[in-house]
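Everything below concerns the one structure shown next.
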Amino acid sequence: MVKVAVLGAAGGIGQPLSLLLKANPLVTELALFDIVNTPGVAADLSHINTPAKVTGYIGDEQLGDALKGAHVVVIPAGVPRKPGMTRDDLFNINAGIVKNLATGAAKHCPKAFVAVISNPVNSTVPIVAEVFKQHGVFDPKRIFGVTTLDIVRAATFVSEITGADVASTNVPVIGGHSGATILPILSSLSHSFTDAQRDALVQRIQYGGDEVVKAKNGAGSATLSMAYAGARFVSALLDASVLKKAGVKECTYIKTDVAAADGVEYFSTVVELGVDGVAVAHPLPSFSEHEKKLYAAAIAELKVNIQKGIDFVAKSAAL
Ligand SMILES: NC(=O)C1=CN([C@@H]2O[C@H](COP(=O)(O)OP(=O)(O)OC[C@H]3O[C@@H](n4cnc5c(N)ncnc54)[C@H](O)[C@@H]3O)[C@@H](O)[C@H]2O)C=CC1
Ligand SMILES: O=C([O-])CC(=O)C(=O)O
């Protein structure tokens with residue numbers, strides 16, 4: 001039995017992500033939770049001739065049933081950006097949504113892998129972790145911020161410049177998931193870029209989300225590419241934990257000490273996944289002089305984002 005629960009399953013990301021998960025033969029049960037429309041999405045997907053049994057759950061009173069027995073919980077619930085907004089501008093609405101869903105997961109499937117998509121990821125992952133701590137079930141190896149879209153974008157944009165096969169282009173992107181906290185490690189590639197190419201690539205990878213927000217012109221942010229990236233991340237988790245494949249690696253935002261010396265306790269790094277989640281979190285790579293500056297900027301912003309998530313849970317506990 002491999003149950004995957006999608007929380008926010010009726011949304012712009014939730015629907016195509018659920019479709020891709022329904023197509024994953026390792027999934028035997030797909031639980032679709034949202035505050036609207038999941039019966040229809042579930043009925044539609046349930047006709048696809050793949051193993052996963054699809055069930056829709058709607059409203060808070062059905063959250064527990066959606067989560068019970070889940071091996072993986074994916075959370076794309078919450079509001080997306082409109083032009084002119086930062087991801088942090090979503091905090092006031094999404095923090096409460098994520099906290100509520102994390103509480104459900106801590107109660108009903110405390111051992112599940114939790115993959116957080118809802119923005120601002122830099123803060124929502126600490127929120128989930130703090131909620132799990134409050135319930136005495138926190139395991140840093142099992143809670144992930146999904147930054148896979150940054151890695152997907154980096155491979156696409158880099159291969160456009162290098163001309164290399166996009167499928168075999170792999171660019172580690174570490175740090176966090178917003179603007180200056182997104183740190184692509186272009187120095188790890190064998191291609192040597194001009195300074196102008198490098199700067200343009202870093203800018204495009206860091207602000208790829210804004211490119212989509214602008215193009216959608218008020219109709220939301222990346223959904224289809226995010227669904228692809230989310231499905232890739234869940235597939236990696238299942239390959240490592242269900243198939244017990246060795247050498248499954250993804251960059252993901254976790255609670256880790258890789259950047260603890262610089263005062264941050266959450267950081268996206270290259271992670272080897274195993275049966276229990278994080279098997280090995282790779283240390284920081286050796287940075288070029290340019291990347292050292294980007295790293296310093298990332299750290300400064302991450303500190304603020306992380307603390308905001310931690311404070312939110314502490315404050316709501318004190319109420
Ligand atoms: N991590 C990443 O790389 C990315 C993250 N995102 C983020 O993903 C989130 C979702 O984006 P979209 O799917 O485009 O938004 P959307 O508005 O299309 O869908 C969000 C869904 O969440 C549902 N929802 C709201 N409150 C809920 C609750 N309490 N419980 C369960 N479901 C609830 C809504 O009913 C809706 O169906 C946003 O916060 C966005 O910023 C978007 C793209 C990339
Ligand atoms: O830009 C946004 O708001 C959505 C997102 O996280 C991304 O596309 O990377």
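The values are calculated or read from the model by the stated rules, or taken from the named source; none is laboratory data. Values in this document were obtained by computation on a predicted structure and should not be read as measured data. Ideal geometry is used to build each Cβ from the backbone, glycine not excepted, and the neighbour counts take in all protein chains shown. We work out accessible area using only protein heavy atoms, side chains counted, and drop any ligands, DNA or RNA first. Shrake-Rupley method; radii C 1.70, N 1.55, O 1.52, S 1.80 Å.
Each helix, a run of at least 4 DSSP H residues, gives -39500 (n - 2.57); summed and divided by the residues of the chain, these come to -14000 deg cm²/dmol at 222 nm. Sequence-ordered 3J(HN,Hα) estimates for region 219-229 from the Karplus curve with 6.51, -1.76 and 1.60 and θ = phi - 60° stand at 9, x, 10, 4, 10, 6, 5, 5, 4, 4, 5 Hz, glycine and proline given as x. Output the 0 to 90 degree angle, nearest 10, between the alpha-carbon long axis of helix 121-134 and the longest principal axis computed from the alpha carbons of the chain. Computed tilt is about 50 degrees. Computed on the Cα trace of the chain, the radius of gyration divided by the Kirkwood hydrodynamic radius gives Rg/Rh = 0.95. Over region 3-146, all Cα pairs binned in 5 Å intervals from 0 give whole-percent P(r) values of 2, 11, 21, 23, 20, 13, 7, 2, 0, listed from short to long. Projecting the Cα atoms of Gly209, Thr156, Ser18 onto the charge dipole of the chain, computed from C-beta unit charges around the Cα centre, puts Ser18 farthest toward the positive end. Backbone amide hydrogens, once placed in the peptide plane, bring Thr252 within less than 5 Å of Thr269, Val271, excluding anything fewer than 5 places away on its chain.
Within the straight-line cut-off of under 18 Å between alpha carbons, the aspartates and glutamates reachable from Lys293 are Asp195, Asp199, Asp262, Glu301, sequence neighbours fewer than 8 places apart in one chain being disregarded.
Is there a pair in Lys214/Lys308; Lys133/Lys308; Lys53/Lys82 whose C-alpha atoms are over 25 Å apart, and which pairs would that be? Please list the in-between numbers first.
Values: Lys214/Lys308 27 Å; Lys133/Lys308 16 Å; Lys53/Lys82 35 Å.
Violating the 25 Å limit, Cα to Cα: Lys214/Lys308; Lys53/Lys82.
Farthest towards the positive end of the charge dipole of region 3-146, among the residues Thr28, Pro39, Val79, is the Cα of Thr28, using unit charges on the Cβ of Lys, Arg, Asp and Glu. Can you say what percent of the DSSP beta bridges in the chain, counting only those with both residues inside, are antiparallel? Round to 5. Percentage antiparallel, nearest 5: 45. Note that region 233-239 has calculated 3J(HN,Hα) couplings of 5, 5, 4, 4, 4, 6, 4 Hz, one per residue in order, obtained from phi through the Karplus relation 6.51 cos²θ - 1.76 cosθ + 1.60 (θ = phi - 60°); glycine and proline are x. Couplings 3J(HN,Hα) of region 11-22, computed from phi: x, x, 7, x, 5, x, 5, 5, 4, 5, 6, 5 Hz, in residue order, whole Hz [Karplus 6.51 cos²θ - 1.76 cosθ + 1.60, θ = phi - 60°; x for Gly and Pro]. Across all Cα pairs in region 72-152, the calculated P(r) in 10 Å bins from zero up to the longest distance comes to 20, 53, 24, 4 percent per bin.
Given contacts defined as C-alpha pairs under 8 Å and at least six residues apart, what's the relative contact order of the chain, whole-number percent?
Details: 654 pairs, mean separation 54.8, N = 319.
Contact order relative to length: 17 percent.
When +1 charges are put on Lys and Arg Cβ atoms and -1 charges on Asp and Glu Cβ atoms, the dipole computed for region 3-146 relative to its Cα centre reaches about 340 debye.
Summary of the geometry: region 151-210 and region 258-290, compared by the centres of their Cα atoms, lie 18 Å apart.
Run the accessible area of region 82-180 with a 1.4 Å probe and give the carbon-and-sulfur part as a rounded percent. Ligands and nucleic acids excluded, carbon and sulfur give 53 percent.
Once a ≥ b ≥ c are taken as the square roots of the eigenvalues of the Cα gyration tensor of region 196-242, is the result rounded (a/c under 1.5), prolate (a/b larger than b/c) or oblate (a/b not larger than b/c)? Oblate.
A 1.4 Å probe over all protein chains sorts Glu250, Glu61 by accessible area into Glu61, Glu250, starting with the largest. With only alpha-carbon pairs counted, each pair once and no self-pairs, how large is the Kirkwood hydrodynamic radius of region 166-276 in angstroms? One decimal place: 15.9 Å for the Kirkwood radius.
Once divided by 2.2 N^0.38 Å, the Cα radius of gyration of region 217-319 becomes 1.30.
Given a 1.4 Å probe and the protein chains as shown, Glu289 ends up with an accessible area of around 120 Å².
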